[in-house]
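The values are calculated or read from the model by the stated rules, or taken from the named source; none is laboratory data. Computed from a predicted structure; not experimentally measured. Ideal geometry is used to build each Cβ from the backbone, glycine not excepted, and the neighbour counts take in all protein chains shown. Each accessible area value is taken on the protein alone, full model and side chains, heavy atoms only, with ligands, DNA and RNA left out. Shrake-Rupley method; radii C 1.70, N 1.55, O 1.52, S 1.80 Å.
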Amino acid sequence: MSQTFNPSDIAMLRTDKRASLTETVQRWKSDGDSVALVPTMGALHEGHLSLVRLALKAADRCVVSIFVNPTQFAPHEDFDSYPRDISADLQLLQSAGVDLVYTPDEADMYPSGKDSAIKAGAAAKGLETDFRPHFFDGVVNVVHRLFDHAQPDLAVFGEKDYQQLMVIDEMVQAQSLPIEITGAPIARDAHGLALSSRNAYLSAEELEIARMLNQALYKAAQDIQGGADADAACDEASALLLNCGFDKVDYVSYKPEWNRVLIAAHIGKTRLIDNAPTTPST
Ligand code: AMP
């Protein structure tokens, strides 16, 4: 059955005004409703929608923010070409039962410049930071601002960006924010490829190669779980990726404190990340 969308309902779902967001959330809270925030950069897919479903299970109201945050991109990265499709996003979010979509522009997010006193903590050390040194300071800067605007009771982030989840959890504790951080499992396609807005960059041939990422990852995680030497298992995964067509592997790394193997690799102009647990799933 096809669903029809009423443009005025969709317009009512969206606000780009901080004051209107804050006022609506305060009204909900004074009615006794709990409020979840799901921060995104748009170009939404099933992975984002799984976060929304989790948010709506955990809270009475769900706000989704869509903001492609310039401070987490380096000048040579894909800020300008990052996929943007606000009308498709709004339709998806309306169907998912979201209560409000916050779409601030850059001036709303950074009215007095992009500098921030908030810096990423110890969880940001290594991995992504070795290759994207600007990234986590940009993330905590924007997430802290979004939390300030929305004042949610809880916020949902994907385990797809596992280091990011750890960095945000640490920031919330360091700042003593009264916000519960919930991690959502990684949504994958039928071939196990983690869903990502950046998968849209992949050609058909690159997509075939991309599907090896989770296979190499899971093999390394299983080998480590079975007692193999972690460095050797990670090196083997890295060699496998290069063999099957990845152009560059930024890292394959085992973090015992997170019980995870984390991976980042490039195919052509696309950089993909993924991770898997090294503990048996229950
Ligand atoms: P992004 O729009 O890429 O910044 O992602 C917004 C949120 O969605 C982040 O918390 C991501 O970790 C999460 N996310 C993105 N892709 C997935 C996925 N495949 N599975 C679970 N969460 C995801």
Using the per-residue mean of other Cβ atoms lying within 10 Å as a proxy for protection, in what order, highest first, do the peptides 179-187, 13-21, 166-174 fall? 166-174, 179-187, 13-21
By the mean-Cβ-within-10 Å protection proxy, highest first, 37-49, 203-215 rank as 37-49, 203-215
Read phi for every residue in the range 52-61 and hand back ³J(HN,Hα) as whole Hz from Karplus 6.51 cos²θ - 1.76 cosθ + 1.60, θ = phi - 60°, with x for Gly and Pro. 5, 4, 5, 4, 6, 6, 8, 9, 6, 10
In Å, what is the Rg of the alpha-carbon atoms in the range 111-233, and how long is Dmax? 17.3, 52
Can you order the peptides 216-222, 51-57 by their average number of other Cβ atoms within 10 Å per residue, highest first? 216-222, 51-57
R0 of 51 Å, Cβ-Cβ distance LYS57-ASP247: FRET efficiency to nearest 0.05: 0.80
Residue by residue through the range 154-171, the couplings from Karplus 6.51 cos²θ - 1.76 cosθ + 1.60 with θ = phi - 60°, in Hz, x for Gly and Pro, are 9, 9, 10, 10, x, 5, 3, 9, 5, 5, 4, 4, 5, 5, 6, 4, 5, 5
In nm², what is the average projected area of the convex hull enclosing the Cα atoms of the range 30-120? 7.7
Between LEU127 and residues 5 or more places away or on another chain, the pairs with built amide H atoms under 5 Å apart involve none
Normalised by the residues of the chain, what does the relative contact order come to in percent, with Cα pairs under 8 Å and at least six apart? 17
How large is log10 of I(q)/I(0) for the chain at q = 0.08, 0.09, 0.11, 0.14 Å⁻¹ when the intensity is taken from the Debye formula with one equal scatterer per alpha-carbon? -0.35, -0.44, -0.66, -1.06
Over the range 197-276, with the other protein chains present, what is the accessible area per residue in square angstrom, probe 1.4 angstrom? 46
If R0 = 25 Å, then ASP231 and HIS266, at their Cβ-Cβ distance, give a FRET efficiency to the nearest 0.05 of 0.70
Helical contribution to [θ] at 222 nm, DSSP H n ≥ 4, -39,500 (n - 2.57), averaged over the chain, rounded to 500: -12000 deg cm²/dmol
Rounded to the nearest 10, the angle in degrees between the Cα long axis of helix 135-150 and the longest principal axis of the Cα atoms of the chain comes to 20
By how many degrees, 0 to 90 and rounded to 10, does the Cα axis of helix 212-225 deviate from the longest principal axis of the chain? 70
Within the chain, count lysine pairs with alpha carbon atoms under 20 angstrom apart where the residues are 8 or more positions apart or belong to different chains. 13
Apply the Karplus parameterisation 6.51 cos²θ - 1.76 cosθ + 1.60, with θ equal to phi minus 60°, to every residue of the range 200-207 and state each ³J(HN,Hα) to the nearest whole Hz, in sequence, with x for glycine and proline. 4, 6, 6, 6, 4, 5, 5, 4
Taking all protein chains in place and a 1.4 Å probe, what share, in percent, of the accessible surface of the range 7-184 do carbon and sulfur account for? 50
